[in-house]
Amino acid sequence: MTGQGATDEARERGTLLCVPFAGAGASFFHPWRELAAGRWRVTSVELPGRERRFLEEPYRNVVEAARTEVDTIAADLGAGTRTVLFGHSLGAVLAYELVPLLSSRGIVVERLIVSGSPGPWTQRERRAAGLPDDEFLARVEEFAGFRHEALDHPEMRELILPALQADCEMHEAYLPSFDGPVPVPICSLRGDSDGLVTAAEARQWQTATTGEFSYVEFPGDHMYLVDQGREVLDVIEQVSTGRSPAPV
């Protein structure tokens, strides 16, 4: 939905803004619109290099991506809109960068939900960026515990690979553009068998906020959210309404 109707709806219900993980497009979160069951207007960030923006050059720097895209995102949300930000992996640090930028544009950022990510000041020791294509894909599959079937088709692999490589490069090189925590509550989510992000690393987000902090684990690996969108949305609702998340 676009235009004034979308803006009025977002202000009334609030908006859940989803930021994609490496290699993903905005469409990953489209099923969440139905799963949200009217709790929010669900929208997602569209990044260059994929889907409707396939012909555009992908970003290789998180801070640049946030600063360049924020005005488009803010226009879609509408000034005064109550917004919960959700980001998984790369999306978590990009969402973190967006918090002060959106706030300065009149967007009411009520909460940040980060998933599958260490704290914003922690960089990954083992990396994928810069490896030859086959080694790169093997390393990404190892990190995620997941392989997209499209990568097994040469034509699709050729289309997907550039954005995935750029995303990994900007995630692995990320350093926050500002010092100190953000003034919004943070909830950190993690798959309990995530081999890429430890529980201790996921809890590092507590130091990234001056507000309340909560931590929730789900059954699964780094890509647990692929099969648990409804459960993730339930937890987001619980923490957003001040209720303690039920055990998952």
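The values are calculated or read from the model by the stated rules, or taken from the named source; none is laboratory data. Quick caveat: nothing in here was measured; it's all calculated off a predicted structure. Note that each Cβ is placed from the backbone with ideal geometry, even for glycine, and that neighbours are counted across all protein chains shown.
Within segment 93-139, the set of residues being of a type in the set (Lys, Arg) and at pLDDT 95 or above comprises Arg105, Arg111. When Glu201 is tested against (1) crowded, with 16+ Cβ neighbours inside 10 Å; (2) touching a strand residue (DSSP E or B) at 6+ places or on another chain (Cβ under 9 Å); (3) not in a helix (DSSP H, G or I), exactly one condition is not met: (3). Looking at Val70, Val19, just one residue is under 17 Å from the mean Cα position of the chain (by Cα) and over 25 Å from Arg139 (Cβ atoms), and that residue is Val70.
Filtering segment 49-59 to residues that are surrounded by fewer than 16 Cβ atoms within 10 Å (Cβ to Cβ) and on the phi < 0 side of the Ramachandran plot leaves Arg52, Arg53, Phe54, Leu55, Glu56, Glu57. In this entry, Thr7 passes the filter for residues that are part of a helix (DSSP H, G or I), hydroxyl-bearing (Ser, Thr, Tyr) and at pLDDT below 90.
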